[in-house]
Every structure is written in structure tokens, then in C-alpha cells.
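Visitor: This is the structure, below, for whatever I ask next.
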Amino acid sequence: MTILRTLLTIIIIFTGFITCAQTGKISGKISDTEGRPLKGASVFIPKLNIGTSSGDNGSYSLENVPYGTWKVEVKHISFIIIKEYISINSESAVEDFIIREKSDELDDVVISGTMKEVSKLDSPVPVEVYTSMFFKANPTPSLFEALQNINGVRPQLNCNICNTGDIHINGLEGPYTMILIDGMPIVSGLSTVYGLSGIPQALIDRVEIVKGPASTLYGSEAVGGLINIITKRPENAPVISADVFGTTWAEVNADLSAKFNIGKKAQSLIGLNYFNYSNPIDKNSDNFTDVTLQNRISLFNKWSFDRKDNRIFSLAGRYVYEDRWGGEMNWEKKYRGGDEVYGESIYTSRWELMGNYQLPVQENIFFQFSANEHDQNSVYGNVPYLANQKIAFGQFTWFKTLGRHDLLTGLAYRYTYYDDNTPATANANDLGKNRPAHTNLPGIFMQDEITLNTNNRVLLGIRYDYNSLHGSILTPRINYKWNSENKNNIFRLSFGSGFRVANVFTEDHAALTGAREVVFINDLKPETSWNGNLNFVKKIYAGSTFISLDATAFYTYFTNKIIADYDTDPNKIIYDNINGYAVSRGLSLNVDIAFSNGLKILAGATAMDVYNKEEGQKIRQLFTEKFTGTWNIGYTLKKTGLTIDYTGNLYGPMRLPLLSDTDPRSEYSPWWSIQNIQLTKKIGKNIDIYGGVKNLLNWTPNKGNPFIIARANDPFDKNVQFDGNGQAMVTPGNPYGLTFDPSYVYGPNQGIRGFLGFRYNLF
């Protein structure tokens, strides 16, 4: 019995020794970039729920930390949050943190240029980053409108009635811009027309923009550039969040979100967006709605799962339903699809699923996947357009570091299904039967980022895709980055190719005017481009004032551009590659200034020349300005807690489409500008009240023109006479020889309006 007691005592003592030996302490100091200690900084290990604050000398100490590798978060007011993994395998670990003020950079980590998290300053690919704070300076109900104050990026409306649109980068049209959500190619094809308006601004954590081709990593559609929308992570989102605002035009937008935990292994963020505009307004007296009426609801849910060894697994889904219409002021749903009162009515139903899973192996291998379906039921006057699109995407990526080489290898596959009720998908032998389009696009890509030394990096990349319709496509690229020792001067040079497989089965108003036969003169070749970019970043510290200059020169040369010819034969849509080339070239400059008194200025300007050249004739691209400028100026009155934001943009003249030589509308738009002002008052820690005026100058595109919509008084062309070639004739009732056409649009047709809203965030 004595021996048994002795053994038990030894076991208890030994067990206690092991228990004590398996925990330790993490300590260190927290300071700013100038070496000043920071008091009151929060140091927290989320998974263990262990935290502390730094003292007067910036020192901190986390006690009783179990052995292992843990994610540590360091936070301080007006400083960028730091997240680092720290390993502890002894009684004490020392880790010092240097954190930087938020005014120095809009964001510290980017992923869009190289598909991995990297410091923006270290990325060999220039990436522009805009956080949710940037977009709050000019609140909008959707991503499409939110991008209007970013230099070189312009939301382009394509129809005065239904307000369809796309996003231009450096003057290139919407089909050349790839839209990603969390790195997934969610918005493409049919959804580029109406899908953008269903992305609420409140879901955005940040937006990363790469200008120039990114096809080596992202494949087709990334010819002109890409916009990657990074949604909020559940672990970083507020527990409860609400953002609601309304305007004097009776627009109402509401964003609600909440996060919750399921056990100890899962966190979820659920968000609801609702937008409603049901007040027909006709300021320009053409008997047509100035702005499309909309009733939209979007539901978003994102999950983050805790896994062994901190491996990643996230899953997100979104559903959007929208009912929008525009047309004559007396239009009602009973007129839908008829020729009595003209209206364009669109019902959109869309779901999306996306995820990222890190494989449970020693190597860094990830599987990204997404699927979406877009169903559209629309009518344009008496012409129905019914379409359905399904896209499935999967991609394996493998990251490996070997000495100075950071390697990335990827294997991707994308399947697209498209069907509609137009002749574009009709069976050539039987127009009454449809022939849905199925496209398979497997691809493989490789990238090697070589660190030559602390000042020089080279990025080499190549991608091979096989399109089931067009065959093999190869896209290489090379990037070089040099930086000074203190990284206050950065020079980047990039050169590469891009490609786009044109989707001829997309919505086109001209194709909906009759039973046209789709004709391919030759086998269509993918559009290809070669691009060169020079980028220089200069950071200046003038006392307590911070200045950042970001200048870029760009040149893109396109071959095999595909156009749809509706003019040669009124009974056909003729597709072919142009016998020539297209060019986009220009210079851009972004200036970011943060003064010690709280004044912040972010301004940019781009000068560009975008044109096609065929048979020796240079043709300036439609709807493309030669100059654009943007600004975002903010100042906070510290005593009152009132923030003033003044935002705006300025555009030079664009060439516009005219219907005939007798069309009285101007061939070029004037210089025009949209300017906004907002006041925000913080109440306590959780509530913001904001309000202001949008479109201060009350600018609309109808000013200086006799009309915007051609033949608005005869939208079904009942009183138009045509000659033997199908061309409209000049008659006493049609003095300009025009047909009904709403495509003469280059800017929003919504005048001055006030807005008022509030935000509530509980952390």
C-alpha cells in the first residue's frame, strides 16, 4: 500500500510538471514606425481568448500560453491591425511589434497580383487597394456605383431606360474587365449586365484593382484588368451591423449583418441588403423615367472554420433577386411584353456559392471552387429575352518556397452553360429549337517570384488554356520590381499578354429587334493583347505629413478584336475578327496626402488614347474619354467629431453613337462632373449619423441636347417609314430620319438629391 501511494504521488508530481512545462509566456514591446512606444495597444490570441494591453513603455506580456503556433492580433486606434503567427515551445518567447498608422497605406496586404497574401509594397505587380472606409465617403447601394471615384475606373451606363452597365478600366470596355469575389470569377458573361448592381457595398472589406492584363493567373476576360472584391471575414466583422440611408428621390437602401459562432470551430457572417426605388421621375420631360425603378434583395452568408494547424476553410453563398423596370411614365406591369405602352422590365434571379479549402497535407495546397446560376426574364417593349447561364469553377493551387524562389502552380477548370430564346442560340436547321452553348476551359499556370536581393524581385509566369471552342491559348508575363532600402521609392516594370474568348451569346439590344440569323464569316479567333506598364511609387515624409505619389504609363495592343456587325445586312448578325488592331495607351497619377491635422486628400488623373485602326483608318472608341480625374477629400473636426467628405470626378468629351447624318444630337459629350459632399457625426463608439448632397452641380446628360432618347414619342416605330434598304426615311413626322434608340448615354441621368443615413456597429 505504501508503494502504491508513493507511485501515485510521483505520477501526480510528474503530471503537474508536464502541465506546467507545456505553457509559456509571450512578451515584447509595441512601437510605431518612428520607434515611439505605444500605450494601450491590444494584444489578443482569438483562438485561446487570451489578451492583454501594452503599458506606458509599450511592453506587454501574455501569460499561460500553451505550446504551439497561434495567431496573434495587435490593434491600436488609428493604426493598421497586425496579425502574425507566433510559435512557442519554451517557457518564454519574445516578439516585438512595429505598427504603422493607417494614413500611410490604404491596406498593407494584397493578394490579387500574385494569388498569395503579400505586403503591397513588396508585390512585384502594382495593386491599388481601396478599403471600406474609402467607400463610406460616398455611400451607394451597389458596387457598380461605388467605383465611380476611383481613378481610371468608370462605371459606364449602356442604356437610358434599363440602366444596364459595365465597368471600364483605362478606357477599355466592360468585357475586358474581370470581376472577382474573393478571388473567384463570379461575375461574367450574362451577369456582367445586371449582376454588378446586386453586390452591396456593405459586404466589402476592400477592393483590389490590377490595371493591365492578368490572364496569366486568372484566364479569359482579364485582358484590361481585374477588380477583386474581398468580402468581410466573420472573425473581423462586427457582431451586429446596420447601415441604412434614404434620398430625396425616395430611394431606400438597408444593409444589416450579424456574426455568430457555432460551437468552437465555426464562425458565420450573415448579411441582408435591400434596395428600393419606386418613384418614377421625369425631369427632362420626355415621358420616360429618368432612372430605372428597382426592387432588389440580396442575402449573403459566409462561414469560416477553425481547423488543425490553422488550415483554411471558408465557404460563402449569396442570393440576389431584382425586379427593375424603366420606360414610359404610364407603364404598368399589365403592359409587360405588349406594344401599347413601352417599358423594359427585367426579373433577375441569381445564386452563387464559393469556397476555399486548404488540403490536410504538409504542402500548401488549396482548392478553390465556385458555382453560380443567373436566370433572367426580361422584355424590351414587345421583344422578350429569356436567358439562363450556369458556371462551375474549380482550381488547385500549390505554393512552395525554395530558397529565393516563391513558386505557384495552378490547375483550373471552368464550365459555362448558356441558353436563351434568341436566334443566337437557335438551331441553324430549325429556328424553333434552341442550341445551348457549352464551353469547357481547362488550364494550367505556373509562376516563379525570384528574390534577387532585398532591392530586386522578378516575377515570371505562364499559363496554358484549352478552350473547347477555340483551342489552345498561351499567355506569358514578366514583372520586375526595384525598391530603395527604406522602400520609399519603388519602380515596377511589367510586360505580358492577355486573351479573351468573346461570348457572342450575350445580351445585345440590337439583336433583340428581330429574328436575325447569326453568321460567322470565319472561325473566330480569341482576342489577344500585349501590354507594357511602367509604375513608380514615391513615398515622402515631410515632418508629420505623409505624401504618396503613384504614377503609371500603360500601353496595350490588341489583335483579333471581335465585333458584331448589325449594319451590313438588317437580317443578320455577322461576327468576325477585325482586319486591324486596337490600342489603349496613356498616363495616370494618384496622389495620397495625409496631414497631421487630420486632412486627407486622395486624388487621381488619367490621360489616355483608345482607338481601333482598320484599313488605315483610325477610329476613336465610343464612350471613351481622353481625360478623367477623381478626388476624395476628408477632414475630421476633432473637437466636435464631425467628418467632412468631398468627393467627385471629372470626365473629358466622349464620342457618342449617332443614328444618321441628320441626327441633331452632339457627336461628342461636353466636359462633365459629378460632385458630392457628406457630413458624418460620430455618436459614442457605435453610431454614425451621416448626410449630404449628391450631384451638387445638378448635372445631367440632357443639358445642351434637344433630346437623349431618339423617337421617345414613338418607341415602337409605328410612324417610321423605311426605304428598300431598311433605313429610316426623313418625313414630316420624322424630320431627322431616326428610329427609337436609348443607347445615347454616357452618364447618370439623375440630378441633385439629398441623402440621410445612420450606421451602427457593435464589436
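Visitor: So how much slack lies between N364 and W351, counting 0.36 nm per residue of separation and subtracting their Cα-Cα distance, in nm?
Guide: Length gained between N364 and W351: 1.7 nm.
Visitor: Strictly over 25 Å apart at the Cα level, which of K39/K685; K259/K682; K265/K390 would you flag in this model?
Guide: Exceeds cut-off: K265/K390.
Visitor: Another question about this same structure. Quick one: order H168, H470, H76 by neighbouring beta-carbon count within 10 Å, fewest to most.
Guide: Neighbour counts put them in this order, fewest first: H470, H76, H168.
Visitor: Follow-up. Take F763 and D375, extend 7 Å from each Cα along the Cα→Cβ direction, and tell me the distance between the two endpoints in nm.
Guide: 4.2
Visitor: Could you work out how far apart the two model spin labels at T662 and K703 are, taking each label as a point 7 Å from the Cα in the direction of the beta carbon, and quote it in nm?
Guide: Once both label points are built, they end up 3.1 nm from each other.
Visitor: Here's another thing I want to ask about it. So if I take the centroid of the Cα atoms in the range 630-677 and the same for the range 292-359, what is the distance between those two points in Å?
Guide: 28
Visitor: Can I ask one more? List the relative contact order of the range 617-763 as a percent without decimals, with contacts defined as Cα pairs under 8 Å and 6+ residues apart.
Guide: 23
Visitor: Right, next: Where a Cα-Cα gap under 25 Å defines reach, which lysines qualify for K613, not counting those fewer than 8 residues away within the same chain?
Guide: K211, K525, K561, K572, K626
Visitor: Distance between the C-alpha centers of the range 373-415 and the range 437-471? Whole Å please.
Guide: 16
Visitor: Next question. Rounded to the nearest 0.05, what FRET efficiency do S87 and E340 have when you use their Cβ-Cβ distance and R0 = 60 Å?
Guide: Once rounded, the FRET efficiency stands at 0.25.
Visitor: Sort the following peptides by mean Cβ neighbour count (other Cβ atoms within 10 Å, averaged over residues), highest first: 750-757, 628-635.
Guide: 628-635, 750-757
Visitor: Please work out the FRET efficiency for the pair A258 and L599, using the Cβ-Cβ distance as r and a Förster radius of 22 Å; give the result to the nearest 0.05.
Guide: Calculated value: 0.05.
Visitor: Could you compute the FRET efficiency for S285 and D609, with r as their C-beta to C-beta distance and R0 at 22 Å, rounded to 0.05?
Guide: With R0 = 22 Å, the Cβ-Cβ based efficiency is 0.05.
Visitor: Please give, to one decimal in nm, the separation of the simple spin-label points placed at K25 and K639, each 7 Å out from Cα toward the Cβ.
Guide: 4.6
Readers should treat all values here as calculations from the given coordinates under stated rules, not as data from a laboratory. Being a predicted model, the structure only gives us computed values, none of them experimental. Don't worry about glycine lacking a Cβ; one is built from the backbone with ideal geometry, like all the others, and counts go over all protein chains shown.
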